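The values are calculated or read from the model by the stated rules, or taken from the named source; none is laboratory data. As the structure is a computational prediction, the values presented were derived from the model and not from experiment. Here Cβ is always computed from backbone atoms with ideal geometry, including for glycine, and neighbour counts include all displayed protein chains.
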Amino acid sequence: MTKLSVNINKLATLRNARGHNRPDILQAARDIERFGAEGITVHPRPDERHIRYQDVRDLKAIVTTELNVEGNPTPDFLDLVREVRPEQVTLVPDAPDAITSNAGWDVIKHQDYLRDIVAELKGLGCRVSIFLDPDLALVDAAATTGTDRIELYTEAYARQYLTDREQGVAPYRAAAARAGQLGLGVNAGHDLDLDNLAWLQQQLPELAEVSIGHALVCDAIYLGLENTVQLYKRQLKPFNN
Ligand SMILES: CC(=O)[C@@H](O)[C@H](O)COP(=O)(O)O
Ligand SMILES: NCC(=O)COP(=O)(O)O
């Protein structure tokens, strides 16, 4: 069964455009859960251009499914997750000025650094996931950090899906299978949408969770939030038991 965690960053972008509280992202998170999502994802960035640190605190108090907090483990980010203790922390090596996440971890280079952070976060009771490219050597290195899961960075898959979906998914299938053999859970995210989601899930039996934000919020402009959440869930449904 693959869970859908909805990333609400872009709802916060819209709210911040006016400085008031419309849309109310706490109400949106409640509604998204009511519409069927199994998790809420946020990725507070150091400039707080969308999700603010206070949003993460407020979300933790009202989310009834799972709160997944993504980010680069800077001192400020680590202080936040120490305080909030979300159900899942996804470690992403994004530069402060990155428009969006644009790389996975070089887990081989940062193995010791990640091992310490993973141990601390697990000690807080958080499930930990490491964002990485679908590369077998990286999956092997991730297993040595003690992480619970990996999140496969799907931008390359989404791009290649348009021209050759078989070739696009092949490295992800191999990486997910290796992760499964090593006892790691498998998440995926970035640029997933209503077109490319079902194929990814069909090809990755290990897929535990997808986090989807940008395309889902764009679709909701046309289709409505409730309908959109259900359409995404339906993409996952044929392979959910
Ligand atoms: C980790 C990842 O894949 C990102 O897609 C992300 O969390 C989205 O962040 P932005 O909404 O800031 O682009
Ligand atoms: N971890 C990926 C995520 O949360 C959402 O990415 P995107 O759908 O906004 O590209």
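May I ask you to verify whether residue 149 is within 24 Å of residue 33 (Cβ to Cβ), modelled with pLDDT of 95 or more and touching a Ser or Thr at 6+ places or on another chain (Cβ under 7 Å)? Steps first, answer last, please.
Details: within 24 Å of residue 33 (Cβ to Cβ): yes; modelled with pLDDT of 95 or more: yes; touching a Ser or Thr at 6+ places or on another chain (Cβ under 7 Å): yes.
For residue 149, the condition - within 24 Å of residue 33 (Cβ to Cβ), modelled with pLDDT of 95 or more and touching a Ser or Thr at 6+ places or on another chain (Cβ under 7 Å) - is met.
Yes/no matrix, rows are residues, columns are (1) crowded, with 19+ Cβ neighbours inside 10 Å; (2) touching a residue at least 60 places away in the same chain (Cβ under 8 Å):
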{"site": "170", "(1), (2)": "no, no"}
{"site": "184", "(1), (2)": "yes, no"}
{"site": "192", "(1), (2)": "yes, no"}
{"site": "200", "(1), (2)": "yes, no"}
{"site": "209", "(1), (2)": "yes, yes"}
{"site": "219", "(1), (2)": "yes, no"}
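For the range 183-197, check the following and say yes or no: at least one residue is more than 16 Å from ligand 2 (Cβ to nearest atom), assigned to a helix (DSSP H, G or I) and farther than 19 Å from residue 5 by Cα.
Going through the range 183-197, the residues more than 16 Å from ligand 2 (Cβ to nearest atom) turn out to be 183-184.
This time we only want the ones that are assigned to a helix (DSSP H, G or I), so: none.
Checked against the condition, which is being more than 16 Å from ligand 2 (Cβ to nearest atom), assigned to a helix (DSSP H, G or I) and farther than 19 Å from residue 5 by Cα, the range 183-197 yields no hits at all.
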> Here is a list of conditions, (1) exposed (fewer than 13 other Cβ atoms within 10 Å of the Cβ); (2) of a type outside the set (D, E, K, R); (3) touching a helix residue (DSSP H, G or I) at 6+ places or on another chain (Cβ under 9 Å), and residue 117 meets all of them except one; can you say which number that is?
Replying inline: (1)
> In the range 74-92, is there at least one residue being away from ligand 2 (no atom under 13 Å from the Cβ), among the polar types (S, T, N, Q) and in contact with a Gly (Cβ under 6 Å, 6 or more places away or on another chain)?
Replying inline: no
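Only one residue in 161, 113, 153 is of a type in the set (Phe, Trp, Tyr), without any contact (Cβ under 8 Å) to a residue 12 or more places away in the chain and out of contact with any Lys or Arg (no Cβ under 9 Å at 6 or more places or on another chain), so which one is that? Spell out the reasoning first.
Numbers: 161 fails: without any contact (Cβ under 8 Å) to a residue 12 or more places away in the chain; 153 fails: without any contact (Cβ under 8 Å) to a residue 12 or more places away in the chain.
After applying the criteria, what remains is 113.
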> Can you name the residue in the range 128-137 that is more than 16 Å from ligand 1 (Cβ to nearest atom) and in contact (Cβ under 8 Å) with a residue 40 or more places away in the chain and is also surrounded by the most Cβ atoms within 10 Å (Cβ to Cβ) among such residues?
Replying inline: 135
>> Return the residues of the range 127-146 that are farther than 17 Å from residue 101 by Cβ and out of contact with any Asp or Glu (no Cβ under 7 Å at 6 or more places or on another chain); say none if nothing qualifies.
In response: 136, 137, 139, 140, 141, 143, 144, 145, 146
